[in-house]
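K.L.:
Sharing a structure with you now.
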Amino acid sequence: MLENSLPTFALDAPTLQNPDVSLRREWLVTNGLGGYASSSVAGANTRRYHGLLVAALAPPLGRAVLLSKLEETLQITPPGGGPAQSFALSANLYPGVTYPTGYETLELWTNAPMPTWVWSPIPGLRFEKQVWMARERNVTYIAYTLRALPTGSAALLNLVPLLAWKDYHSEMRAYPGDLHATWSAPSEPGRLSVTLPGVMNVTPRPLSLQLFVLEEDGAPFPNAWFTAQPDWYRRFQHPRERERGLDYEEDLYTPGAFSALLQVGQTLVVAATVVGADAEEESISEIEPPRTSRAGRIARQAELIENAGADDAFAQALALAADAFVVPIAGGRVTIIAGYPWFADWGRDTMIALPGLCLATGRAKIARAILASFAAFVSEGMLPNRFPDQGETPEYNTADATLWYFVAIYRYIEATDDLAFLRETLWDTLEDIVRWHQTGTRYNIRVDSADNLLYAGQEGVQLTWMDAKVGDWVVTPRIGKPVEINALWHNALRTMADFARRLGDDKTAKRYAQVALATARSFAARFARPDGYGLYDTLDTPPAREPDMSVRPNQIFALSLPFAPLEPKTPLAASIVRAVQDELYTEAGIRTLSPHDTQYYH
């Protein structure tokens, strides 16, 4: 079977039954729209961002947590009747207590072919759950399978859906009154429809959350029923938010409970989806049968591995993980999600990640679409830094996203030799970007004619990747001539010279090469520290215009870009590596500031 060839990561019973570990291990599945499902492997939501259906209502933005989780209980009646034994499978964190603690009977968790949990509460009982999402649909499947049961026993599965209707950056609070819920209309057996209030600042209109109780072939599950019992479950704790200094408590709503009798080998699937209340509701015929959806997901994983040419398990796992971040949007831009659970798409992150996520995985067509898509958003010679969650006008407060665009395009041309795309789609945009940077654009981004270096910044704005801001306080403003911005500027000029040569325009290639050479000479002369310890971090910072001597990792870009401004086999290059090695290198990664700096905080 295809799923047997997929790279597998598994957690055993001792790991899963230790809450100090299993509450910190998280799983994630995505839908190619920006939506996702995620939680801890222990079963408790430990972040406000966790949920079984976190839908992208305005793909890839507008994320809202709608189906937070399912409370799961398995009741086993012994042969001949008698009192049933109840086994809680889920887990929740409340103030001062964890209840229930279903992870205590977990036997196995594995990632392949999708997140899978296996419980074995008593000898002879084996129960399995799997979670996955439909491709490019806000649909999550949660499948429960009774694998083994003590002879003569009967099994009853109880599921309590816990709902939210919130922007994923917020915590849910109890809402006055009960919601309208409808179970199993005669024309649609096996469906629970709940009308949710609008998610403010995402969509103010009501939403219709659909929960289908299905067999694997998509038919309504037999011997399943719903008991209406609207209520609120209160004061769920989210410790990861508490660690971040944020509000960390929420309430969740239930309309009631599903119950179903299970036979050995039988699978019950809850399919959760959402539509606008003013649109036609989903029907069973519109939901891809779970068996078909699951098989399609497995086949896609095998195809991704084959396209990437990955021949070892680690590379295969990376190829599969990369797919979660690439989001082709029908009728719109193609982009890359900067990170889960809370980031959307950022220009800087997209361009930095594109070669690895798209080119190294054999998906040059996706890379091409992303590059073309972002070209349409260039404004005053700048790429957007961020597309806000609520779909407002893109934000252009970045000095480096545009320059990373040149790196991404160069890597694409290197991999594909797609000169027609360069000539017909990108060239004019790239020339326009260079002109704006030379003459001046937003936030005082401009070339200083005195030294051919790029100046950027103004009070109250963070333009580089070091963009932390608390209220009105810009933590690392770096106004002036940051070292990596100028390394990237030189790289952009040299890239233009290379592109012009490839396109047969030697005159233009020579012009860009001359400007790049002047920039490189100024770079080496001005950024080199007199103490022989690498490069200054920023030049000409107001008001004193003294160079910033902070030892930061930004200087390493002067050696690592496709067209670096410094020669590698020189004393200056060696001093950069030495400074980074001595001051910033750790086994966990590179520090952003030397611990010997007076501004360094432990």
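The values are calculated or read from the model by the stated rules, or taken from the named source; none is laboratory data. All of these numbers come straight from a predicted model, not from anything done at the bench. Every residue, glycine as well, gets a Cβ built from its backbone with ideal geometry; the counts of neighbours run over all protein chains shown. Accessible surface is based on the protein model in full, side chains and every heavy atom, while ligands, DNA and RNA are left aside. Shrake-Rupley method; radii C 1.70, N 1.55, O 1.52, S 1.80 Å.
K.L.:
For the stretch 105-136, give me each residue that is in a strand (DSSP E or B), hydroxyl-bearing (Ser, Thr, Tyr) and either open to solvent by 40 Å² or more (accessible area, probe 1.4 Å) or over 16 Å from LEU70 (Cβ atoms) (or both).
P.N.:
Residue satisfying the conditions is THR110 alone.
K.L.:
How many residues are in contact with a strand residue (DSSP E or B) (Cβ under 7 Å, 6 or more places away or on another chain) and either surrounded by fewer than 18 Cβ atoms within 10 Å (Cβ to Cβ) or small (Gly, Ala, Ser) (or both) when one looks only at the stretch 348-370?
P.N.:
The total comes to 2.
K.L.:
Which of the following residues is modelled with pLDDT under 95 and open to solvent by less than 40 Å² (accessible area, probe 1.4 Å): GLY81, GLY102?
P.N.:
Numbers: GLY102 fails: modelled with pLDDT under 95.
After applying the criteria, what remains is GLY81.
K.L.:
Tally up the residues in the stretch 278-323 that are open to solvent by 30 Å² or more (accessible area, probe 1.4 Å), part of a helix (DSSP H, G or I) and either farther than 22 Å from LYS365 by Cβ or in contact with a strand residue (DSSP E or B) (Cβ under 8 Å, 6 or more places away or on another chain) (or both), please.
P.N.:
Number satisfying all stated conditions: 11.
K.L.:
Of everything in the stretch 183-205 that's hydrophobic (A, V, I, L, M, F, W, C) and at pLDDT below 85, which residue is most open to solvent (accessible area, probe 1.4 Å)?
P.N.:
Filtering the stretch 183-205 for residues that are hydrophobic (A, V, I, L, M, F, W, C) and at pLDDT below 85, the one most open to solvent (accessible area, probe 1.4 Å) comes out as MET200.
K.L.:
Now a separate question. Taking VAL551 as meeting all but one of (1) of a type in the set (A, V, I, L, M, F, W, C); (2) touching a Leu at 6+ places or on another chain (Cβ under 9 Å); (3) open to solvent by less than 20 Å² (accessible area, probe 1.4 Å); (4) within 28 Å of ARG411 (Cβ to Cβ), write down the number of the exception.
P.N.:
Checking VAL551 against (1) of a type in the set (A, V, I, L, M, F, W, C); (2) touching a Leu at 6+ places or on another chain (Cβ under 9 Å); (3) open to solvent by less than 20 Å² (accessible area, probe 1.4 Å); (4) within 28 Å of ARG411 (Cβ to Cβ), the one that fails is (4).
K.L.:
Return the total of residues in the stretch 221-236 being in a strand (DSSP E or B) and either open to solvent by less than 50 Å² (accessible area, probe 1.4 Å) or in contact with a Lys or Arg (Cβ under 6 Å, 6 or more places away or on another chain) (or both).
P.N.:
4
K.L.:
Moving to a separate point now. Any residue in the stretch 374-388 that is modelled with pLDDT of 95 or more, among the aliphatic types (A, V, I, L, M) and closer than 25 Å to ILE305 by Cα?
P.N.:
no
K.L.:
I'd like to verify a number: residues in the stretch 18-29 that are open to solvent by less than 80 Å² (accessible area, probe 1.4 Å) and touching a Ser or Thr at 6+ places or on another chain (Cβ under 8 Å), how many?
P.N.:
Summing the residues that are open to solvent by less than 80 Å² (accessible area, probe 1.4 Å) and touching a Ser or Thr at 6+ places or on another chain (Cβ under 8 Å) in the stretch 18-29 gives 8.
K.L.:
Just for the stretch 237-271: of the residues that are in a loop (DSSP other than H, G, I, E, B) and farther than 30 Å from ILE76 by Cβ, which one is most open to solvent (accessible area, probe 1.4 Å)? Lay out the reasoning, then the answer.
P.N.:
Step one: list which residues in the stretch 237-271 are in a loop (DSSP other than H, G, I, E, B), which gives 238, 244-248, 263-266.
Next, only the ones that are farther than 30 Å from ILE76 by Cβ stay: 238, 244-248.
Working: HIS238: 3, ARG244: 100, GLY245: 66, LEU246: 66, ASP247: 78, TYR248: 67 Å².
Top of the filtered list is ARG244.
K.L.:
Report every pair of residues separated by at least 6 positions or lying on different chains whose Cβ atoms are under 7 Å apart, first residue within the stretch 102-125 and touching a residue at least 24 places away in the same chain (Cβ under 8 Å) and of a type in the set (Phe, Trp, Tyr), second assigned to a loop (DSSP other than H, G, I, E, B) and open to solvent by 20 Å² or more (accessible area, probe 1.4 Å).
P.N.:
TYR103/GLN17; TYR103/GLY43
K.L.:
Further question: Yes or no: SER5 of a type in the set (Ser, Thr, Tyr) and modelled with pLDDT under 95?
P.N.:
Numbers: of a type in the set (Ser, Thr, Tyr): yes; modelled with pLDDT under 95: yes.
Yes.
K.L.:
Can you name every residue in the stretch 84-93 that is hydroxyl-bearing (Ser, Thr, Tyr) and open to solvent by 50 Å² or more (accessible area, probe 1.4 Å)?
P.N.:
SER86 - this is the single residue of the stretch 84-93 that is hydroxyl-bearing (Ser, Thr, Tyr) and open to solvent by 50 Å² or more (accessible area, probe 1.4 Å).
K.L.:
Any residue at all in the stretch 438-458 that is within 26 Å of ALA360 (Cα to Cα), modelled with pLDDT under 95 and of a type outside the set (Asp, Glu)?
P.N.:
The answer is no; no qualifying residue exists.
Yes or no, residue by residue, for (1) at pLDDT below 95; (2) under 22 Å from MET382 (Cα atoms):
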| site | (1), (2) |
| --- | --- |
| PRO477 | yes, yes |
| HIS490 | no, yes |
| ASP506 | no, no |
| GLY532 | yes, no |
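K.L.:
Take the residues of the stretch 584-602 that are of a type outside the set (D, E, K, R), open to solvent by 70 Å² or more (accessible area, probe 1.4 Å) and closer than 15 Å to THR476 by Cβ: which is farthest from the chain's Cα centre (by Cα)?
P.N.:
Quick first cut of the stretch 584-602, residues of a type outside the set (D, E, K, R) only: 584-586, 588-590, 592-596, 598-602.
Of the ones still in play, those that are also open to solvent by 70 Å² or more (accessible area, probe 1.4 Å) are 585, 588, 590, 596, 598-599, 601-602.
Now drop any that are not closer than 15 Å to THR476 by Cβ, which leaves 598-599, 601.
Values: THR598: 34, GLN599: 31, TYR601: 29 Å.
Among residues in the stretch 584-602 that are of a type outside the set (D, E, K, R), open to solvent by 70 Å² or more (accessible area, probe 1.4 Å) and closer than 15 Å to THR476 by Cβ, the one farthest from the chain's Cα centre (by Cα) is THR598.
K.L.:
While we're here: Tally the residues that are open to solvent by 10 Å² or more (accessible area, probe 1.4 Å) and more than 13 Å from SER575 (Cα to Cα), restricting the search to the stretch 516-539.
P.N.:
Residues of the stretch 516-539 that are open to solvent by 10 Å² or more (accessible area, probe 1.4 Å), as a first pass: 517-518, 520-522, 524-526, 528-533, 536.
Still in the running and more than 13 Å from SER575 (Cα to Cα): 517-518, 520-522, 525-526.
The qualifying residues number 7.
K.L.:
Something else now. Of all the residues that make up the stretch 248-278, how many are over 30 Å from GLY124 (Cα atoms) and out of contact with any Ser or Thr (no Cβ under 8 Å at 6 or more places or on another chain)? Before the answer, list the steps.
P.N.:
Start the filter on the stretch 248-278 by keeping residues that are over 30 Å from GLY124 (Cα atoms), which leaves 248-256, 272-278.
Applying the additional criterion that residues be out of contact with any Ser or Thr (no Cβ under 8 Å at 6 or more places or on another chain) yields 248-251, 253-255, 278.
Going through the stretch 248-278 one residue at a time, the tally reaches 8.
K.L.:
Could you tell me which of the residues ARG235, ARG240, ARG173, ARG205 is among the charged types (D, E, K, R), in contact with a Gly (Cβ under 8 Å, 6 or more places away or on another chain) and in contact (Cβ under 8 Å) with a residue 60 or more places away in the chain? Spell out how you get there, then give the answer.
P.N.:
Details: ARG235 fails: in contact with a Gly (Cβ under 8 Å, 6 or more places away or on another chain); ARG240 fails: in contact with a Gly (Cβ under 8 Å, 6 or more places away or on another chain); ARG173 fails: in contact with a Gly (Cβ under 8 Å, 6 or more places away or on another chain).
Only one candidate qualifies: ARG205.
K.L.:
Sticking with this one: Take the residues in the stretch 401-441 that are in contact with a strand residue (DSSP E or B) (Cβ under 8 Å, 6 or more places away or on another chain) and surrounded by 21 or more Cβ atoms within 10 Å (Cβ to Cβ), then tell me which one is farthest from THR350 (Cα to Cα). Steps first, please.
P.N.:
Within the stretch 401-441, the first condition is being in contact with a strand residue (DSSP E or B) (Cβ under 8 Å, 6 or more places away or on another chain), and the residues that meet it are 401-402, 433, 436-441.
The next check asks that each one be surrounded by 21 or more Cβ atoms within 10 Å (Cβ to Cβ); those that pass are 401-402, 433, 437.
Values: ALA401: 9, THR402: 11, ILE433: 18, HIS437: 21 Å.
Applying the filter and picking the extreme gives HIS437.
K.L.:
Mind listing just one residue for me: the one in the stretch 159-182 that is of a type outside the set (A, V, I, L, M, F, W, C) and in contact with a Leu (Cβ under 8 Å, 6 or more places away or on another chain) and, of those, most open to solvent (accessible area, probe 1.4 Å)?
P.N.:
Checking each candidate, the answer is THR182.
K.L.:
Quick one: would you say TYR443 is among the aromatic types (Phe, Trp, Tyr) and farther than 17 Å from LEU383 by Cα?
P.N.:
Considered against the rule, which asks whether it is among the aromatic types (Phe, Trp, Tyr) and farther than 17 Å from LEU383 by Cα, TYR443 comes out as no.
K.L.:
Hey, among the residues in the stretch 375-400 that are under 30 Å from GLY198 (Cα atoms) and among the polar types (S, T, N, Q), which one's least open to solvent (accessible area, probe 1.4 Å)?
P.N.:
Across the stretch 375-400, the extreme among qualifying residues is ASN385.
K.L.:
Would you pick out the residues in the stretch 16-30 that are in a helix (DSSP H, G or I) and of a type in the set (Asp, Glu)?
P.N.:
From the stretch 16-30, those in a helix (DSSP H, G or I) are 16, 19-22; that's our starting set.
Listed by number, the list holds a single entry, ASP20.
K.L.:
Now, a different point. What number of residues in the stretch 47-60 are outside any loop (DSSP other than H, G, I, E, B) and open to solvent by less than 10 Å² (accessible area, probe 1.4 Å)?
P.N.:
5
K.L.:
Looking at the stretch 130-158, which of its residues are among the β-branched types (Val, Ile, Thr) and modelled with pLDDT of 95 or more?
P.N.:
Correct list: VAL131, VAL139, THR140, ILE142, THR145.
K.L.:
Among ALA299, ALA344, which is within 30 Å of ALA376 (Cβ to Cβ) and of a type in the set (A, V, I, L, M, F, W, C)? So that I can check it myself, show each step before the final result.
P.N.:
Numbers: ALA299 fails: within 30 Å of ALA376 (Cβ to Cβ).
Only one candidate passes the filter, namely ALA344.
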